[in-house]
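The values are calculated or read from the model by the stated rules, or taken from the named source; none is laboratory data. Everything numeric in this text was worked out from a predicted model, so none of it was measured. Glycine also receives a Cβ, built like all others from the backbone with ideal geometry; neighbour counts cover every protein chain displayed. With ligands, DNA and RNA removed, areas are computed over all heavy atoms of the protein, side chains included. Shrake-Rupley method; radii C 1.70, N 1.55, O 1.52, S 1.80 Å.
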Amino acid sequence: MNSLERFMLALSRKEPDKVPIYELLVNPPIIRKIIGRDSLPDLVDYLDMDGLTAGEDVRMKQISSGIYQDEWGISYKVGSGEVTYPIKGPVRTRSDLEKIKRPDPDADYRLGTLRSYVKRFGGRRAVVFLGHDSFEFSHYLTGGLDKLLPLYYREPELAHDLAQVVSDYKVRVMERAAEEGADVLLTGDDYASNSGPLMSPKHFREFILPYLSRAIEVARRKDVPFIKHTDGNIWSILHILVDAGIDALHPIEPHAGMDIGEVKKRFGDRICLVGNIDCTALLPHGTKAEVEEAVKETIAKASPGGGHIISSSNSIHPGVDPRNFKVMVESTRRYGVYPLDESFVATYDKRDYMNRYRLGWTPAR
């Protein structure tokens with residue numbers, strides 16, 4: 001069984017030969033520390049991972065030192081660890097939205113990275129395309145959550161019109177990605193913080209769900225699985241996501257109170273789970289033994305019966321110790337072989353490696 005077959009079986013909630021390994025993102029500093037060069041495909045081959053992510057290729061222009069602007073007019077800053085984040089958006093009023101220059105979703109260069117990954121890995125490893133529904137780019141365009149969320153109360157029509165503009169574009173890009181050979185579609189909009197969703201379930205249904213549903217429908221029409229990524233504590237909206245028809249959920253953050261074992265019990269017959277080795281404290285600061293124990297616990301909780309792809313609880317960001325990332329991959333290969341040993345599962349599925357981090361743990365100095 002090759003990596004693609006393994007990945008797709010897990011997404012269909014079946015048991016492959018072993019638990020697949022995948023990361024949504026691996027930041028360049030980590031890649032360079034492991035293989036000495038900035039190449040995600042080479043890293044995936046080196047670690048023998050089962051899938052990798054291709055995002056949309058976006059053209060940026062530098063407008064000042066360390067500040068760049070994309071085709072929508074959103075300004076970004078390059079921070080530490082080469083992480084880029086939005087700092088200013090062009091939409092404040094309806095007039096701004098009407099005047100905004102909408103990028104061409106059919107521009108040929110937009111899927112160049114995806115094509116290169118499909119050419120290299122097609123039929124061997126899962127190529128996941130990272131798209132969006134509407135929420136994330138809506139708050140990028142307005143200049144932040146503090147600008148977007150009040151629109152839900154004060155100007156709901158403008159909030160919907162903005163979401164529609166974003167959704168029209170993103171849906172078309174995802175359609176093209178599936179046509180270019182992406183094996184899986186994923187949307188990356190975050191809906192929650194560690195304490196809970198950024199809006200009420202009522203507002204989620206009104207302002208987010210229609211556009212998420214459009215993205216899911218693209219995957220249905222193109223006959224590819226759909227993974228929903230969202231950070232944070234999403235217990236109060238998780239049933240809404242599952243009912244919407246997602247095939248899988250990523251990353252199920254333990255630091256935010258998302259117990260992957262409990263998600264498996266409640267929804268494991270309906271969705272695949274993609275996660276969830278903690279990247280807030282464990283992967284940056286834990287010991288090799290602690291990472292290995294966390295992997296064993298996560299496999300015991302989420303992998304029985306299939307329907308589990310192991311990953312970090314968000315991404316392999318610049319704060320992660322690359323040695324711990326390698327331990328995570330190696331431990332998964334060692335302990336994630338089907339059929340899982342029943343005594344192994346019984347020993348580890350009641351443990352809680354995150355408990356020490358919730359109790360105010362700080363790394364040794």
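Taking residue 63, is it β-branched (Val, Ile, Thr) and touching a strand residue (DSSP E or B) at 6+ places or on another chain (Cβ under 8 Å)?
Numbers: β-branched (Val, Ile, Thr): yes; touching a strand residue (DSSP E or B) at 6+ places or on another chain (Cβ under 8 Å): yes.
Spelling it out, residue 63 is indeed β-branched (Val, Ile, Thr) and touching a strand residue (DSSP E or B) at 6+ places or on another chain (Cβ under 8 Å).
Any residue in segment 210-220 that is assigned to a strand (DSSP E or B) and either farther than 24 Å from residue 312 by Cα or free of Cβ contacts under 8 Å to residues at least 60 places away in the same chain (or both)?
Within segment 210-220, the first condition is being assigned to a strand (DSSP E or B), and the residues that meet it are none.
No, that holds for no residue.
Could we say that residue 348 is open to solvent by 10 Å² or more (accessible area, probe 1.4 Å), closer than 23 Å to residue 8 by Cβ, of a type outside the set (Lys, Arg) and over 19 Å from the mean Cα position of the chain (by Cα) here?
Numbers: open to solvent by 10 Å² or more (accessible area, probe 1.4 Å): yes; closer than 23 Å to residue 8 by Cβ: no; of a type outside the set (Lys, Arg): yes; over 19 Å from the mean Cα position of the chain (by Cα): yes.
Considered against the rule, which asks whether it is open to solvent by 10 Å² or more (accessible area, probe 1.4 Å), closer than 23 Å to residue 8 by Cβ, of a type outside the set (Lys, Arg) and over 19 Å from the mean Cα position of the chain (by Cα), residue 348 comes out as no.
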**OP:** Could you list all residues from segment 39-66 that are acidic (Asp, Glu) and outside any loop (DSSP other than H, G, I, E, B)?
**Re:** 42, 45
Original post:
If you go through segment 67-88 one residue at a time, do you hit one that is touching a Phe, Trp or Tyr at 6+ places or on another chain (Cβ under 7 Å), aromatic (Phe, Trp, Tyr) and in a helix (DSSP H, G or I)?
Top reply: no
Subject >> Output for segment 276-317, where each listed residue is part of a loop (DSSP other than H, G, I, E, B), touching a helix residue (DSSP H, G or I) at 6+ places or on another chain (Cβ under 8 Å) and more than 21 Å from residue 34 (Cβ to Cβ) >> reply: 276, 304, 306, 307
**OP:** Identify the residue in segment 223-276 that is of a type outside the set (Val, Ile, Thr) and at positive phi and, among all such residues, is most open to solvent (accessible area, probe 1.4 Å).
**Re:** 223
Subject >> Residues of segment 3-22 satisfying the condition of being open to solvent by less than 10 Å² (accessible area, probe 1.4 Å) and more than 19 Å from residue 224 (Cβ to Cβ) >> reply: 19, 21
Subject >> In segment 63-111, the residues that are surrounded by 14 or more Cβ atoms within 10 Å (Cβ to Cβ) and among the aromatic types (Phe, Trp, Tyr) >> reply: 68, 72, 76
**OP:** Specify which of the listed residues (295, 291) is in contact with a Leu (Cβ under 9 Å, 6 or more places away or on another chain), at pLDDT 95 or above, buried (at least 23 other Cβ atoms within 10 Å of the Cβ) and within 30 Å of residue 344 (Cβ to Cβ).
**Re:** 291
**OP:** Report yes if some residue within segment 14-37 is within 16 Å of residue 140 (Cβ to Cβ), in contact with a His (Cβ under 9 Å, 6 or more places away or on another chain) and not aliphatic (A, V, I, L, M); otherwise report no.
**Re:** no
Subject >> Subset of segment 180-198 that is over 14 Å from the mean Cα position of the chain (by Cα) and open to solvent by less than 20 Å² (accessible area, probe 1.4 Å) - its residue that is nearest to residue 358 (Cα to Cα) >> reply: 196
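Any residue at all in segment 156-179 that's in a loop (DSSP other than H, G, I, E, B) and either touching a strand residue (DSSP E or B) at 6+ places or on another chain (Cβ under 8 Å) or surrounded by fewer than 22 Cβ atoms within 10 Å (Cβ to Cβ) (or both)? If you could, list the steps in order and put the result at the bottom.
Step one: filter segment 156-179 for residues in a loop (DSSP other than H, G, I, E, B), giving none.
Checking segment 156-179: not a single residue is in a loop (DSSP other than H, G, I, E, B) and either touching a strand residue (DSSP E or B) at 6+ places or on another chain (Cβ under 8 Å) or surrounded by fewer than 22 Cβ atoms within 10 Å (Cβ to Cβ) (or both).
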Original post:
What are the residues in segment 134-144 that are within 13 Å of residue 87 (Cβ to Cβ), part of a helix (DSSP H, G or I) and open to solvent by 10 Å² or more (accessible area, probe 1.4 Å), if any?
Top reply: 139, 140
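If only one of 59, 37, 32 is surrounded by fewer than 16 Cβ atoms within 10 Å (Cβ to Cβ) and under 26 Å from residue 176 (Cα atoms), which one is it? Step through it out loud before you land on a result.
Numbers: 37 fails: under 26 Å from residue 176 (Cα atoms); 32 fails: under 26 Å from residue 176 (Cα atoms).
Among 59, 37, 32, only 59 is surrounded by fewer than 16 Cβ atoms within 10 Å (Cβ to Cβ) and under 26 Å from residue 176 (Cα atoms).
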**OP:** Say whether the condition of being open to solvent by 70 Å² or more (accessible area, probe 1.4 Å), in contact with a Gly (Cβ under 6 Å, 6 or more places away or on another chain) and touching a residue at least 40 places away in the same chain (Cβ under 8 Å) is met by at least one residue in segment 115-133.
**Re:** no
